[in-house]
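To start, the structure itself, in structure tokens.
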């Protein structure tokens, strides 16, 4: 399996098929030219997460909670909230758990609260966790650390943070505070990351940062 961070909260997962998670609109930046997928998941209907028009290939769009088996991916979507007031401020959010190649991935979308015990149970075992860490619109660094400890993945991929030198006027933090608070080993990559069920344990307690 290959994983590439496309920026913001968007990732591309490739095995026999390709899945794109939360493609962002041009207000955030440009998606890779010629981006093609078989499946697109959308955690919520905000412009920085739902730009499926930027993905070619006539993909299957999954933007509702539920259980799906499509193109070699087993996908479960769970309703959560974009804030800590039951969605009354920013609405609902979907956490997607994706299983393929004997690996379990979990993308938290714009999660705005700590998980309940029931939600942690629903999510189940996670190898790779993609989690927002920037705060303001989502959980912040300290809350993200709490969620990581609730789920206990092997690899954490921070998202929805302000990249160094970003020209965007984003009122969110970088990954620095999250990295410090969690205290795991940090690996920085400028390209895609290849992982399988045989070598996942060698990355136990690793923060994986993708820097373009």
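The values are calculated or read from the model by the stated rules, or taken from the named source; none is laboratory data. Only a predicted model underlies this, so the values are computations on that prediction, with no experimental measurement involved. Backbone-built Cβ (ideal geometry, glycine too); neighbour counts: all protein chains shown.
Points to keep in mind about this one:
- Residue that is modelled with the lowest pLDDT, among those in region 64-101 that are out of contact with any strand residue (DSSP E or B) (no Cβ under 7 Å at 6 or more places or on another chain) and under 25 Å from residue 3 (Cβ atoms): 101
- Residues that are in a loop (DSSP other than H, G, I, E, B), without any contact (Cβ under 8 Å) to a residue 60 or more places away in the chain and under 16 Å from the mean Cα position of the chain (by Cα) within region 48-63 comprise 48, 50, 51, 63, listed in sequence order.
- Evaluation of residue 144 against (1) touching a residue at least 24 places away in the same chain (Cβ under 8 Å); (2) assigned to a loop (DSSP other than H, G, I, E, B); (3) over 23 Å from residue 70 (Cα atoms) (one fails), failing number: (2)
- Of the criteria (1) outside any strand (DSSP E or B); (2) out of contact with any helix residue (DSSP H, G or I) (no Cβ under 9 Å at 6 or more places or on another chain); (3) surrounded by fewer than 17 Cβ atoms within 10 Å (Cβ to Cβ), which one residue 30 fails: (2)
- When we screen 56, 52, 43 for residues that are under 14 Å from residue 23 (Cβ atoms), crowded, with 20+ Cβ neighbours inside 10 Å, modelled with pLDDT of 95 or more and in contact with a strand residue (DSSP E or B) (Cβ under 9 Å, 6 or more places away or on another chain), the only hit is 43.
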